[in-house]
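Novice: Got a structure for you, questions after.
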Amino acid sequence: MGYVVERSTAILTIDFPPVNALGAPVRDGLMARLKQAAADDAVTAIVIIGGNGRFVAGADIRELQNELRGATLKDLTAFMEASPKPVVAAIDGYALGGGLELALGAHARIAAYGAKLGFPEINLGILPGGGGTQRGTRLIGPKHAADLMLSGRHIGADEALAMSLIDEVADGDLRSAAVELTQRKTSPAAAPSTADSRKNRFEERPKSFFDDLRKSNAIKWRGTIAPLKVSECIEAALRLPLEEGLLFERAAFKACKEAPAHAAQVHLFFAERAAAKVSGIDKSVKPRATDSVAIIGAGTMGCGIAMAVANTGIAATLLDVNPANLSNAIERIEKLYSASVSRGSMSAGEAQGARQKIRTAQEYSAIGSCDLAIEAAFEDLNVKREIFARLAEVMMPASVLATNTSALDIDAIAAATGRPDNVVGLHFFSPANVMKLLEIVRGARTSDVTIATAMAFARRIGKIPVIAKNADGFIGNRILRAYGREADFLVEEGANPSQVDGALKEFGFPMGLYLMRDMAGLDVGWRSRVARGIPTDAVDYHATLWDRLCELGRFGQKTGAGYYKYEGRAATPDPEVDEVLKAISLQKGIVRRSFSDSEIVLRIMCAMVNEGAHVLEEGVAQRASDIDVAYVHGYGFPKYRGGPMFWAEREGLGKILAEVQRQSARSPRWKPSALLVRLAQEGADWPG
Ligand code: 3HC
């Protein structure tokens, strides 16, 4: 913690890489320096600044689940507020969570233009617990407070200034501007704690503000108490004096920390960062440039990928040999951008800027100089091999050649290029401009530099990368198959599609499996099974109901009937489907019985976890937490449960194994993973 005195101002510099998290050493150091400045007769004012171009990214997340040692954030803000020498927070880089709360203890805040501010605690299943809900609400009012604290979004200095979260944006050097500010403006009376704006803020909102907020978000807030507690704390800030409000906040913070969602979301925070690290690749391997990207195939996926690329300011060329596909694609992209502007998720200027980054081409020669090509054509190995042969002819030797396949063998595609080291899978999830997951598939000969480039590209376009070995279904779809298969057997044994969907939704999935299949359309999978001649009498053949529905012309939502019947988009359970199911059970000699929702969930989850354990022991995924990241960001697994592998650990691997073994005694399709057996016997958790 640096301490220098300039123009009678003590400059306290927080320098604790990588992000100046407010762990015990930082809090203790800052408290010591604040006391030093208070006692220093040469000092009339104090500036707190981050030493490495960053203010403070929040509490140290690793410490959150332990008892706090030493000075607390509450001690620091209380000391700052009571200081007769004005304190200014000078914000560069990030002021997030506890970092912003620290700044709210100062008498004034000034930020550099590029600074980012926010309360991301909600993403960790908690709320601002260092006075943020009370001081923040007093400063910016309940609407802005609710917006920032419930979304966790980061805002820029201009927006922070507009809502009075900060007092000034620095014009030029932040440090000098902050020293200036101490001398010019601040008096302790201006601090957020004394800014008694409660009365005004009451009038600023409609009477039903909090009730409306809670009602309209009831579904979204399921499974975690943090959003409800945030709303209660903001309400308390309008009602209670500061000291009482702080006590209210403290109790709410404690309740959030003790709720299971907090541990799950902290697990995901570190899991996402771990997933970005590839074992075995030396740090000296530097990614190649990805400043221009070609997307081959102007279908739904190609459009989504082009938008994901262009949204981050990278030039995207959408290539399709069919001009009609290109003009449809452009129409589609323009509609999607207009919808984003109407929804308010993009400004008109941002949408226009992104749209201008997308150009189209019909000839391969137009993309030869691109750094990266992403093929998003029809899922047919021969089609893809032809495209890759063309790419190998036209692209620069260092260009990375990627396929968006969700199912095909990357090595078979790479073999068509003569440079398999440059070939990698980039498996986007639909809609590609929205979904966060990017599965990066490593072929047998993919080079380290190609992997490093793919990882860096994923982060650059705001995706969360998870690396997978080239193996059938990679990570996500392989586990999805196990989960879908078990659901299909459950309905043959006595459950029905709407009960399975209901149980999965109650568990926290945004949508049930059968509704999802109906939306995607049932015909493609059915035709592919028929074309491949898959024997329908095998013991693990699960798609009998699916096939029967298709034979009846029920292809899902688009034909008004599938697993459900439809009025427009509204699905209702269909007694006809129950009749078809009964006939299937009879034909297979299965005596139907009833299932409880918890039995359904346990069986489906155990199928997922057992498959996840196979994926791990085969080295298809690097670590269990990568599977969690994939499932939360690509398959709608509820965040507040931390992912399937984390869920399994919390349930106890012994309990999971017992269910897997019970099922395997009933049916040979269940094959207990050797890894799961070993870990359960040792009483251990997943490795890594
Ligand atoms: N505590 C502990 N470690 C942290 C951390 C934190 N608050 N923030 C980041 N880190 C670590 C990361 O785990 C990572 O470690 P690794 O290199 O070993 O994997 C390293 O710092 C760098 O982080 P990123 O890879 O995420 O770096 P980026 O530059 O991409 O992003 C960031 C920077 C936007 C600051 C991002 O790290 C972030 O969002 N951090 C978390 C911010 C947050 O949630 N703050 C609130 C904490 S809770 C709180 O303050 C409670 C309070 O109300 C009492």
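Novice: The conditions are (1) open to solvent by 60 Å² or more (accessible area, probe 1.4 Å); (2) free of Cβ contacts under 8 Å to residues at least 12 places away in the same chain; (3) not aromatic (Phe, Trp, Tyr), and Gly560 fails exactly one of them. Which is it?
Specialist: (1)
Novice: Continuing with the same structure: Mind listing just one residue for me: the one in the stretch 489-514 that is open to solvent by 50 Å² or more (accessible area, probe 1.4 Å) and in contact with a helix residue (DSSP H, G or I) (Cβ under 8 Å, 6 or more places away or on another chain) and, of those, farthest from Ala218 (Cα to Cα)?
Specialist: Filtering the stretch 489-514 for residues that are open to solvent by 50 Å² or more (accessible area, probe 1.4 Å) and in contact with a helix residue (DSSP H, G or I) (Cβ under 8 Å, 6 or more places away or on another chain), the one farthest from Ala218 (Cα to Cα) comes out as Gln499.
Novice: Here's another thing I want to ask about it. So for the stretch 77-91 (the condition being within 12 Å of the ligand (Cβ to nearest atom) and either open to solvent by less than 10 Å² (accessible area, probe 1.4 Å) or at pLDDT below 95 (or both)), does at least one residue qualify?
Specialist: Yes, because at least one residue in the stretch 77-91 is within 12 Å of the ligand (Cβ to nearest atom) and either open to solvent by less than 10 Å² (accessible area, probe 1.4 Å) or at pLDDT below 95 (or both).
Novice: Determine the pairs where a residue that is touching a residue at least 24 places away in the same chain (Cβ under 8 Å), located within the stretch 519-532, has a partner that is of a type in the set (Lys, Arg) with Cβ atoms under 8 Å apart, the partner being 6 or more residues away or on another chain.
Specialist: Pairs found: Gly521/Lys558; Leu522/Arg554.
Novice: While we're looking at this one, here's another question. Find the residue count for the stretch 37-53, including only residues that are touching a residue at least 12 places away in the same chain (Cβ under 8 Å), more than 32 Å from the chain's Cα centre (by Cα) and surrounded by fewer than 21 Cβ atoms within 10 Å (Cβ to Cβ).
Specialist: 5
Novice: Can I ask one more? Just need a number here: residues in the stretch 54-72 that are surrounded by fewer than 23 Cβ atoms within 10 Å (Cβ to Cβ) and either of a type outside the set (Gly, Ala, Ser) or within 10 Å of the ligand (Cβ to nearest atom) (or both).
Specialist: 11
Novice: I would also like to ask the following. Do we find a residue being near the ligand (Cβ under 9 Å from one of its atoms) and either open to solvent by 10 Å² or more (accessible area, probe 1.4 Å) or hydroxyl-bearing (Ser, Thr, Tyr) (or both) anywhere in the stretch 96-108?
Specialist: Here is the first cut: in the stretch 96-108, the residues near the ligand (Cβ under 9 Å from one of its atoms) are 96-101.
In the following step, the residues that additionally are either open to solvent by 10 Å² or more (accessible area, probe 1.4 Å) or hydroxyl-bearing (Ser, Thr, Tyr) (or both) were identified as 96.
There is at least one residue in the stretch 96-108 that is near the ligand (Cβ under 9 Å from one of its atoms) and either open to solvent by 10 Å² or more (accessible area, probe 1.4 Å) or hydroxyl-bearing (Ser, Thr, Tyr) (or both).
Novice: Is there any pair with a first residue in the stretch 109-137 that is more than 18 Å from Thr72 (Cβ to Cβ) and a second that is away from the ligand (no atom under 12 Å from the Cβ) and assigned to a loop (DSSP other than H, G, I, E, B) whose Cβ atoms are under 6 Å apart and which are 6 or more apart or on different chains, and what are they?
Specialist: Note: pairs meeting the criteria are Arg109/Ile166; Arg109/Asp167; Ile110/Ala170; Ala111/Ile166; Ala112/Asp92; Ala112/Ala170; Ala115/Asp92; Gly125/Thr224.
Novice: Return the residues of the stretch 208-264 that are open to solvent by 60 Å² or more (accessible area, probe 1.4 Å), among the aliphatic types (A, V, I, L, M) and assigned to a helix (DSSP H, G or I); say none if nothing qualifies.
Specialist: The answer is Leu228, Leu247, Ala251.
Novice: For Ile140, all conditions in the list (1) part of a helix (DSSP H, G or I); (2) modelled with pLDDT of 95 or more; (3) not polar (S, T, N, Q) hold save one; what is the number of the exception?
Specialist: Going through (1) part of a helix (DSSP H, G or I); (2) modelled with pLDDT of 95 or more; (3) not polar (S, T, N, Q) one by one, Ile140 breaks only (2).
Novice: Quick check on Gly619: is it assigned to a loop (DSSP other than H, G, I, E, B), in contact (Cβ under 8 Å) with a residue 40 or more places away in the chain and in contact with a strand residue (DSSP E or B) (Cβ under 8 Å, 6 or more places away or on another chain)?
Specialist: yes
Novice: Can you name the residue in the stretch 401-422 that is touching a strand residue (DSSP E or B) at 6+ places or on another chain (Cβ under 8 Å) and closer than 19 Å to Ala289 by Cα and, of all such residues, is most open to solvent (accessible area, probe 1.4 Å)?
Specialist: Arg419
Novice: Here is a further query. Name the residues in the stretch 139-162 that are more than 10 Å from the ligand (Cβ to nearest atom) and open to solvent by 10 Å² or more (accessible area, probe 1.4 Å), would you?
Specialist: Leu139, Lys143, His144, Asp147, Leu150, Ser151, Arg153, Gly156, Asp158, Glu159, Leu161, Ala162 - these are the residues of the stretch 139-162 that are more than 10 Å from the ligand (Cβ to nearest atom) and open to solvent by 10 Å² or more (accessible area, probe 1.4 Å).
Novice: Kindly list the number of the only condition in (1) modelled with pLDDT of 95 or more; (2) more than 30 Å from Gly2 (Cα to Cα); (3) out of contact with any Lys or Arg (no Cβ under 6 Å at 6 or more places or on another chain); (4) open to solvent by less than 60 Å² (accessible area, probe 1.4 Å) that fails for Val169.
Specialist: For Val169, the exception is condition (2).
Novice: Could I ask something else about it? Touching a residue at least 12 places away in the same chain (Cβ under 8 Å), among the charged types (D, E, K, R) and not in a loop (DSSP other than H, G, I, E, B), is that true of Arg288?
Specialist: Here the answer is no, as Arg288 does not meet what is asked.
Novice: Another question, if that's okay. Is it the case that the stretch 22-36 has a residue that's open to solvent by less than 20 Å² (accessible area, probe 1.4 Å) and in a loop (DSSP other than H, G, I, E, B)?
Specialist: Within the stretch 22-36, one or more residues are open to solvent by less than 20 Å² (accessible area, probe 1.4 Å) and in a loop (DSSP other than H, G, I, E, B).
Novice: Tell me, yes or no, whether the stretch 616-626 has at least one residue that is farther than 28 Å from Gly556 by Cα and open to solvent by 70 Å² or more (accessible area, probe 1.4 Å).
Specialist: Looking through the stretch 616-626, at least one residue is farther than 28 Å from Gly556 by Cα and open to solvent by 70 Å² or more (accessible area, probe 1.4 Å).
To keep it simple, each residue is scored yes or no on (1) within 15 Å of the ligand (Cβ to nearest atom); (2) at pLDDT 95 or above; (3) under 30 Å from Glu334 (Cβ atoms).
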site: Leu242; (1), (2), (3): no, no, no
site: Arg250; (1), (2), (3): yes, yes, no
site: His267; (1), (2), (3): yes, yes, no
site: Ala275; (1), (2), (3): yes, yes, no
site: Thr290; (1), (2), (3): no, yes, yes
site: Ala294; (1), (2), (3): no, yes, yes
site: Gly297; (1), (2), (3): no, yes, yes
site: Gly302; (1), (2), (3): no, yes, yes
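Novice: Would you confirm whether or not the stretch 424-441 contains a residue that is closer than 17 Å to Gly280 by Cα and either in a loop (DSSP other than H, G, I, E, B) or open to solvent by 10 Å² or more (accessible area, probe 1.4 Å) (or both)?
Specialist: Taking every residue of the stretch 424-441 in turn, none turns out to be closer than 17 Å to Gly280 by Cα and either in a loop (DSSP other than H, G, I, E, B) or open to solvent by 10 Å² or more (accessible area, probe 1.4 Å) (or both).
Novice: Would you confirm whether any residue within the stretch 111-129 is open to solvent by 10 Å² or more (accessible area, probe 1.4 Å), acidic (Asp, Glu) and over 24 Å from Glu243 (Cα atoms)?
Specialist: Within the stretch 111-129, not a single residue is open to solvent by 10 Å² or more (accessible area, probe 1.4 Å), acidic (Asp, Glu) and over 24 Å from Glu243 (Cα atoms).
The values are calculated or read from the model by the stated rules, or taken from the named source; none is laboratory data. For clarity, every value in this text was computed on a predicted model and none was experimentally measured. In this analysis, Cβ positions are derived from the backbone assuming ideal geometry, glycine residues included, and neighbour counts consider all displayed protein chains. Surface areas here come from the heavy atoms of the whole protein model, side chains and all, with no ligands, DNA or RNA. Shrake-Rupley method; radii C 1.70, N 1.55, O 1.52, S 1.80 Å.
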